[in-house]
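Here's the structure, in structure tokens; my notes come after.
The values are calculated or read from the model by the stated rules, or taken from the named source; none is laboratory data. Everything numeric in this text was worked out from a predicted model, so none of it was measured. Cβ sites come from the backbone with ideal geometry, for glycine too, and all protein chains shown count toward neighbours.
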Amino acid sequence: MLKLNKTIGRSYNSTPKDIYNTKAALNHMGYYEINPAAGLNEWVDTQMFNSIEKYQADNGLRVDAVIKPDGPTQGSINNSLMANSYGYQTNPNDTSIIQTTYATGQGPTCAAPPKCGQNPGPGDQPLS
């Protein structure tokens, strides 16, 4: 589950943890591709905002690249993570996957991208 402390958006001061967790959630759903050279990191980038906008457009949400804590985009992301579980978690109160990702500095891993975490197959590995 994606849990944010502050709003994510182009004109917002977001926390590094929220940025990292947002990228991880978007990656799990196939919306954010991790740059192999930079890895999953805490820095805002154009790709993150483009990924948010693509997710919003695909899910009938206001397309503004903004995710507010407990707002419609965050709720939709969490519903998508729950509905599809992407091989990672099924408990709606469990934030451990995203939190563990941040705490360990290990991003999502897949043996065969391009859409890491989407429709997990034998090569996809849940985070630990």
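Things worth noting here:
- The residue that is farthest from Leu2 (Cα to Cα), among those in region 15-66 that are acidic (Asp, Glu) and assigned to a helix (DSSP H, G or I), is Asp58.
- Set Lys17, Lys3: member being basic (Lys, Arg), surrounded by 15 or more Cβ atoms within 10 Å (Cβ to Cβ) and closer than 18 Å to Asn79 by Cβ: Lys3
- Condition met for Ala57 (exposed (fewer than 15 other Cβ atoms within 10 Å of the Cβ), modelled with pLDDT of 95 or more and out of contact with any helix residue (DSSP H, G or I) (no Cβ under 9 Å at 6 or more places or on another chain)): yes
- For region 118-126, the criterion of a residue being acidic (Asp, Glu), modelled with pLDDT of 50 or more and more than 15 Å from Met1 (Cα to Cα) is satisfied by no position.
- Residues in region 67-89 that are at negative phi, in a loop (DSSP other than H, G, I, E, B) and in contact with a helix residue (DSSP H, G or I) (Cβ under 7 Å, 6 or more places away or on another chain): Lys68, Tyr88, Gln89.
- Residue count for region 29-48 satisfying the condition of being at negative phi, in contact (Cβ under 8 Å) with a residue 40 or more places away in the chain and out of contact with any Ser or Thr (no Cβ under 9 Å at 6 or more places or on another chain): 1.
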